[in-house]
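Reviewing the structure listed below.
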Amino acid sequence: LRSNTPVRYDEHRKCWDVFRYEDVQYVLKNPKLFSSARDRANTSMLTTDPPKHKQLRDLVNQAFTPRAIEALAPRIQEIADELITPHLQQGQMNLVDDLATPLPVIVIAELLGVPAEDRQKFKDWSDALVKGARDDSDEAFQELMEEKKRNQQELAVYFRAIMEERRQQPQDDLISLLLAAEIEGQKLSEEELVGFCILLLAAGNETTTNLITNAVRILAEQPELQQRLREHPEHIASAVEETLRYYPPIVAIGRLARETVELSGQTIQEGEQVISWVGSANRDGQVFEHAEQFIEDRKPNRHMGFGFGIHFCLGAPLARLEARVVLNTILQQMQGIKLVSETKLQPIQSAFVFGVKEYPI
Ligand code: HEM
């Protein structure tokens, strides 16, 4: 596809597909030509364009700087230990359910300031947010959508209640910080704040689950890598980057053409959908040497697993840290990591997501 039809229109799906690194990057770095505002009802930063996008993002950036996130490392380590230790004796764990799913949910709950007693309720809501992607969605699809909508409303009510409490009594948590955040006299409205909290769950949890699972999957698929990383723990961070290139949790990013534009000899008309295949760009031999090989200390590694340009993943420092802590802990605590034999891998049913439903090790 990259060599023969680098930019092509799919009649069936009614959208353009973009496969080469250079073209994907061009789409993502030109929000004037390629808009993120696909869903007008939704005003989260993910689906807004400049200048509104910058306003929303600047307000929350400070909470997500690498330095602010690095301070969470000891707590993330504790959570990882709590989740991993019970399975060590037995010698087996269901990576997705026992570790990769709960870890990011607990971390984001604590970061936001969700009280410990609400954790289970919070996890159920959070799981339900991404349910369509994990279950076989053709059965009772309508019902599922209704349930998702109800779920979002419940979450919104819940966040409003916490905000009310934090307004009276600020705590050392993200919700209090967001309530106080102000840029040039502008504050986030309550609706924007609630929308942002829900965005964090929707954008951050399943993606991190898949990053952790995909990273451990590579360890299981390439057993020699386990020992190499144990001997060179300084390569764990770059192994996480290489996972984001090689098995990216998000393989495609959608935009809407705002003007008629030429791309690799094709004419994209204003108003048409454009899908940028990050999964393909990340394997482009023009940019990556030995692109089909997993090289744990690859340098440079300009993968687009977190996107590119103004919408570059806000949660990247957090996702990186969580994945690093998990990989390091698993390599320290487990020997001979492998997939439980005869497990049939089931892909997650979404064209945009790369991951498996279960991964018992
Ligand atoms: C944006 C991937 C984890 C919050 C994005 C984008 C990608 C991405 C590709 C760009 C979307 C676009 O351009 O339309 C990932 C991956 C993750 C991950 C692969 C895990 C491995 C997280 C986490 C959080 C988060 C942990 C928050 C706690 C966001 C937000 C945006 C975003 C808020 C929108 C940023 C903007 O529009 O300016 N992510 N993400 N993500 N991500 Fe992540």
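Since every read-out is calculated from the coordinates, none of them should be taken as a lab result. Keep in mind that this is a model prediction, so the values were computed, not measured. Counting neighbours? That spans all protein chains shown, and the Cβs are built from the backbone with ideal geometry, glycine included.
Annotation: extensible slack from Ala156 through Val340 equals 62.3 nm (criterion: 0.36 nm per residue apart, minus Cα-Cα distance).
Note on Lys149: lysines with a C-alpha under 18 Å away, same-chain residues under 8 apart excluded, are Lys121, Lys123, Lys131.
Packing here is the average count of other Cβ atoms within 10 Å per residue, and on that basis the peptides 196-203, 285-292, highest first, run 196-203, 285-292.
Give me the number: length gained by fully extending Gln90 to Ala291, i.e. 0.36 nm times residue separation minus the C-alpha to C-alpha distance, one decimal in nm.
On the way: separation 201, 0.36 × 201 = 72.36 nm, distance 3.76 nm.
Extra length from Gln90 to Ala291 when fully extended: 68.6 nm.
Annotation for Asp97 and Asn61: the two label points, set 7 Å from Cα along the Cα-Cβ direction, are 4.3 nm apart. Ranked by the mean number of other Cβ atoms within 10 Å of their residues, highest first, the peptides 18-31, 77-90 come out as 18-31, 77-90.
Cα-based radius of gyration for the chain, normalised by 2.2 N^0.38 Å, reads 1.00. How many angstrom separate the Cα center of the stretch 36-105 from the Cα center of the stretch 224-287? A separation of 20 Å, based on Cα centres.
Which whole number in µm²/s is D for the stretch 11-78 by Stokes-Einstein, with the Kirkwood Rh taken over Cα pairs at 37 °C and 0.692 mPa s? Translational D for this selection: 218 µm²/s. Taking every DSSP helix (H) stretch of at least 4 residues in the chain, weighting each as -39,500 (n - 2.57) and dividing the sum by the residue count yields a mean residue ellipticity at 222 nm of -15000 deg cm²/dmol.
Which of the peptides 215-224, 49-58 is most tightly packed, and how do the rest follow, judged by the mean count of other Cβ atoms within 10 Å per residue?
Sorting 215-224, 49-58 by mean packing, highest first, produces 215-224, 49-58.
Modelled spin-label separation between Glu82 and Glu272, with each label point placed 7 Å from Cα along the Cα-to-Cβ direction: 5.2 nm. Once backbone amide H atoms are built at 1.01 Å from N, Phe354 has Ile250, Val251 as its partners under 5 Å, excluding neighbours fewer than 5 places away on the same chain.
Helix check for the chain. Which DSSP H runs span at least 24 Å along their own axis by Cα, with a mean Kyte-Doolittle hydropathy no less than -1.0? Walk me through the numbers on the way to the answer.
On the way: long enough: 141-168 (41 Å, -1.30); 190-221 (46 Å, 0.66); 316-333 (25 Å, 0.46).
Span-like helices, by this rule, are 190-221, 316-333.
Our note on the geometry: Cα centres of the stretch 182-196 and the stretch 293-360, 32 Å apart. Amide H to amide H distances under 5 Å link Phe294 with no residue, where only residues 5 or more positions off or on other chains count and H is placed in the peptide plane.
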